[in-house]
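Step one of this worksheet: look at the structure below.
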Amino acid sequence: MSALEDLAVLDQPPAPTGPTGWAAARETARRAGRPASAPPRLPLAGTLGRTLAEPLTALTDLPAFDTSAMDGWAVAGPGPWQVAGRLLAGRPADGPLADGAAVEIATGAQLPPGATAVLRREHGEPHGPLLRERVPGALTTGQDVRPRGQECRRGEVLLPAGTEVGPAVLGLAAACGHDRLAVHRRPVVELLVLGDELLGSGLPRPGLVRDALGPLLPPWLRAAGAETGEPRAVRDDFGLLRDALRHSAADVVVTTGGTAAGPVDFLHRALAEVGARLLVDGVAVRPGHPMLLAELPGGRHLVGLPGNPLAAVAGTVTLALPLLHALSGRGAVDPVRAVAVDALPGHPVDTRLLPVRRTARGVVQLPYDGPAMLRGLALAEALAVVPPGGAAAGAAVELLEAP
């Protein structure tokens, strides 16, 4: 092994030997998602929904020149004025305005040098070539003029790296001169739904239940910056699962079920078979403690979620979302906290995630919060992060937005 390889091994975190604390697990997932390659520079139309990989900087003053904010006349000095000519948007002025002169002007047109204000059309009284104010003396210097650099100056940082590119960002980037933006890739996620007992349609039957996570997870993952296709069902078969992991081309594989040690829980064995390295193997959180995070060959990652619906949601907010936010370049957000109206029950030693709703006084717990339930989550506005032992009435608790 070379010296560089020795250093790489030393730089790797040790394999987990037991459940990871909830906050530490989220930080591990965030660190695992740090992009390793230089971000692409894409045409503006291809950047929507991605995040800026570098600050958006103005390439020009905005506006780039003094412009008229209204239809009317550009005037020089006090009136009355002699009107000569017309200026439309997109055409430069023929020359400077002399004192006492005016030129008809359209909104957005460049002001000629020497202009001191814009007289709105409804405020002016033209009489042949002579222009007067309807209310003498009301016009002030600079009125209805957008001065050069009013919004920004060339070289000014307009938005920080990590900002999501929405329609307004595209418009701002174009206005200040950008044709391309450096943006992070949207990580591709493949969702593998494991289990022989899952139905894709219809009513549950003896021994068979509807798959709730196939519909629930993809839109949530897309909202976190990922690109997802249709969920893929994988039967309880070791070889099928191993091959699905080995041949997936996704940046992140998300699995549901198979993370514990039951007779058909093959995920740990399949990960070992494909040469994966466990980063998190169990988290001290309820529900969802048998979740895991692994690094697959080629720098890809796998998030293993428990099969119970609310437990899988807990795994998503703990491991999947921090990983995807980092991979897509989204910055960490400050925790949101709220007061517990009533005491929130906790686990004796683990963090607990509880569906809650907001009220004027704070947050209140919702019923139907068992690991296999989604009814409480469907009514919830957030998940409260309850520390071991619970949270007393009046205590501040961290909130995670519900899907």
For the chain, size of Cβ-based charge dipole, Lys and Arg +1, Asp and Glu -1, in debye = 320
Taking amide H positions as placed in the peptide plane 1.01 Å from N, state which residues far from G21 in sequence (5 or more) or on other chains have amide H under 5 Å from it.
-> A284
Euclidean distance between Cα centres, the stretch 227-266 to the stretch 282-318, Å | 12
For the chain, calculate the relative contact order in percent as a whole number, restricting contacts to Cα pairs under 8 Å that are 6 or more residues apart.
-> 17
Determine the relative contact order of the stretch 336-401: mean sequence separation of Cα pairs under 8 Å and six or more apart, normalised by residue count, in whole percent.
-> 48
For the chain, give the share of DSSP beta bridges that are antiparallel, in percent and rounded to the nearest 5; count only bridges with both residues there.
-> 65
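Count charges around P204 for me, please; just the other residues with Cβ under 10 Å from its Cβ, Lys/Arg as +1, Asp/Glu as -1.
+1
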Considering only DSSP beta bridges whose two residues both sit in the stretch 172-283, what percent are antiparallel, to the nearest 5?
-> 10
Please list, in chain and number order, the residues 5+ apart from R148 or on another chain whose amide H is under 5 Å from its amide H, with Hs placed from the backbone.
-> D66, T67
Using the charge dipole of the stretch 117-197 (Lys, Arg: +1 at Cβ; Asp, Glu: -1 at Cβ; taken about the Cα centre), state which of L172, V157, L130 has its Cα farthest towards the positive end.
-> L130
Stretched out fully, how many nm does the piece from V339 to E151 gain, at 0.36 nm a residue minus the Cα gap?
-> 63.7 nm
Could you estimate the translational diffusion coefficient of the chain from the Stokes-Einstein equation, with Rh from the Kirkwood formula over C-alpha pairs, at 10 °C and 1.306 mPa s, in whole µm²/s?
-> 62
For the pair A360 and L48, what calculated FRET efficiency results from E = 1/(1 + (r/R0)^6), where r is the Cβ-Cβ distance and R0 = 30 Å, to the nearest 0.05?
-> 0.20
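Every read-out reported here was derived from the displayed coordinates using simple, explicitly stated rules and does not represent laboratory data. All figures in this text were calculated on a predicted structure; none of them were measured in a lab. Using ideal geometry, Cβ is built from the backbone for each residue, glycine included, and neighbour counts are taken over all protein chains shown.
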